[in-house]
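Structure first, commentary second.
Values in this text are rule-based calculations from the coordinates and carry no lab data. Note that the structure is a prediction, hence the values are computed from the model and not measured. All Cβ positions, glycine included, derive from the backbone under ideal geometry; neighbour counts span all protein chains shown.
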C-alpha cells in the first residue's frame, strides 16, 4: 500500500474509443486551438478566453463573473448549448478547441479530472515513443480508486496502482503553452501496464513482442532505475518481472 506521495524531478488495443467529435489523443497531446475572429462569444466564454487557461471550475466562474448564481448558471448553460464550453465532468469545464487562445494539453487536463494521478501505461509508452500503437484513451495511474471518465474530448482512464512512493520515477513536465502535467518514465509506465493488466511477464522480451517495443529504446534504461522501481512496488508479479529485466541490463 502507498505510504506517502512525493513529487520527483525525474494501447492497449481494446481501449474504449470516444465517438465524440472533439476526441484527440495523440503523441503531442494538444487539443488544437482554432482562431475565432468576428464571432460573438458568450460573456462567460470571453472571460475565460482571456484567462491564463481555458480549463476552469464552478468556483472559478463565481470568482470571475459578476452576478447571481442563477445568472452565472444561465451563462454557463447557454455557452454549453452553443458549443463554446465543454462539460468535462461535474464542476469542471473547458473552452471548446475553437475558443482556446492556447491549446490545452490532454495530459494536463487529465490531472484536473481526477487525482492525484500521472500519465502512464499505454499513453506514456506512446508519448515516449516506445510503442507504435495508436492510443484512443488517456491512461493514468491513480492514487485513489480506479475510475473512467467519458468526456467530449475522449476517454480518460485511471487505474489504481499501489506503490510505496506514488510519484517515484514521474517527471513534472511543462510544455510550450504553459501546460503542466506528470509523466511516468517509460520503465515505470511498462511496470504499471503489467500490474493493471495482470500479466505474468518474467523477461523483457515478452513486452517487446507483445507491445512491439523498439529495442533500441531499452538502451536508455539503467539498472539503478530498475532497482529503485523494484523497491517501490510490493506486487509479486511486478517484482518477478523487474528482477528478470534487471538480470538482462548492464549496470
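Ratio of region 157-211's C-alpha Rg to 2.2 N^0.38 Å, to two decimals?
1.34
Quickly work out the residue 50-to-residue 250 label distance, labels modelled 7 Å from Cα along the C-beta direction, and quote it in nm with one decimal.
For residue 250 paired with residue 50, the spin-label model returns 6.0 nm.
Gap in Å between the Cα centre of region 130-148 and the Cα centre of region 178-251?
The two parts, judged by their Cα centres, are 16 Å apart.
If you rank 121, 183 by fewest surrounding Cβ atoms within 10 Å, what's the result?
Going from sparsest to densest Cβ surroundings: 183, 121.
Looking at the calculated P(r) for region 105-246, what percent of the C-alpha pair distances fall above 25 Å?
22
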